[in-house]
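Report on one structure; see the data block that follows.
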Amino acid sequence: MDEIDQLLAEIHELMTAAADPSHREGVMRFFTEPDGRTVDAYGVRQPAMKPIEQFAYAQVKHWTPAKRNRFCAGLWKNGKLESGGLVCWLYRRFARQCGAAEFKLFEGWIDRYVKNWANCDGVSSWLVAASLMNDPALIPGLTGWTRSKNRWKRRAAAVSLLQEAKQGRHTTEILAIAEALRCDQDPMVQKGVGWLLKETYPKQPRAVVDYLESRRETTPRLVLRYAAEKMTAQDKARVMRK
């Protein structure tokens, strides 16, 4: 057994030992979708995850990127909710190293491994976002994601821009992604679009209000409701349908 497989086995043992069966049942109920699908989880509560995260980071922080990526792939293949969360937590420690190569890596993870909104948002709002912050020329690469058959990839196209939205940057590109996804029929994608517009609003209120006001009759109410959460009463009245 090589060093990567050894660490994967140790992480599995730690998570199994820390698992709370009642919490696992609650997590699975929380993530159950209308068609009955749900997540596979150990049932580890967040306080119990912290020492596992620190243990994993202590092992991998000096590894080469290639070795680290192999370890992360092993975690994803485990299929557990917490394993994907651990990948996201670990890779945030290396955010400054994220660029074009990592952007493609993260896209591959979304394509192959992401099966729920928690892992989707972890990869997109922190990891893909780090690549975009370090190399804004990557932002146009999200456009193709909006046409994916994968609901989580479409949601990720919006959620990946949250950090840019909070800084008031790249508003034109943000509104272009919102427009591409605005009428998506999937509620999880609609929520992602509304979330993106909500975070854009504080720094770019006029741009968001003008955008939504002109489209309020054709925009799903779920998008409008999420987008309006941080708006003034006056702005909310302008964008919400009666």
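Starting from residues that are open to solvent by less than 70 Å² (accessible area, probe 1.4 Å) and either among the aromatic types (Phe, Trp, Tyr) or assigned to a helix (DSSP H, G or I) (or both), keep the ones in region 1-13 and report whichever is nearest to Pro51 (Cα to Cα). Only one residue tops the list, namely Ile11. Taken residue by residue, region 106-117 has at least one member that is of a type in the set (Ser, Thr, Tyr), open to solvent by 10 Å² or more (accessible area, probe 1.4 Å), touching a residue at least 12 places away in the same chain (Cβ under 8 Å) and assigned to a loop (DSSP other than H, G, I, E, B).
Just one of the listed residues (Ser148, Ser83, Ser131) is more than 26 Å from Glu13 (Cα to Cα), touching a Phe, Trp or Tyr at 6+ places or on another chain (Cβ under 8 Å) and either of a type in the set (Ser, Thr, Tyr) or free of Cβ contacts under 8 Å to residues at least 24 places away in the same chain (or both), and it is Ser131.
When Arg206 is tested against (1) closer than 21 Å to Arg155 by Cα; (2) open to solvent by 40 Å² or more (accessible area, probe 1.4 Å), exactly one condition is not met: (1). So how many residues does region 16-42 have that are in contact with a Lys or Arg (Cβ under 7 Å, 6 or more places away or on another chain) and either over 14 Å from Ala118 (Cβ atoms) or assigned to a helix (DSSP H, G or I) (or both)? So the count comes out to 2.
Inspect all residues belonging to region 227-240 and state whether any of them is crowded, with 17+ Cβ neighbours inside 10 Å, over 26 Å from Gly144 (Cα atoms), small (Gly, Ala, Ser) and modelled with pLDDT of 95 or more. Yes, that holds for at least one residue. Restricting region 50-71 to residues that are in a helix (DSSP H, G or I) and among the aromatic types (Phe, Trp, Tyr), the residue that is surrounded by the most Cβ atoms within 10 Å (Cβ to Cβ) is Phe71.
Within the option set Pro47, Pro21, being in contact with a Gly (Cβ under 7 Å, 6 or more places away or on another chain), open to solvent by 60 Å² or more (accessible area, probe 1.4 Å) and more than 17 Å from Lys77 (Cα to Cα) holds for one residue only, Pro21.
Rundown of residues vs (1) at pLDDT 95 or above; (2) part of a helix (DSSP H, G or I); (3) open to solvent by 30 Å² or more (accessible area, probe 1.4 Å), yes/no style:
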position	(1), (2), (3)
Gly141	yes, yes, yes
Gly144	yes, yes, yes
Glu164	yes, yes, no
Arg169	yes, no, yes
Glu173	yes, yes, yes
Ala176	yes, yes, yes
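The values are calculated or read from the model by the stated rules, or taken from the named source; none is laboratory data. Model, not experiment: these values are computed from the prediction. Neighbour counts are summed over all protein chains in view; Cβ atoms, including those assigned to glycine, are modelled from backbone coordinates with ideal geometry. We work out accessible area using only protein heavy atoms, side chains counted, and drop any ligands, DNA or RNA first. Shrake-Rupley method; radii C 1.70, N 1.55, O 1.52, S 1.80 Å.
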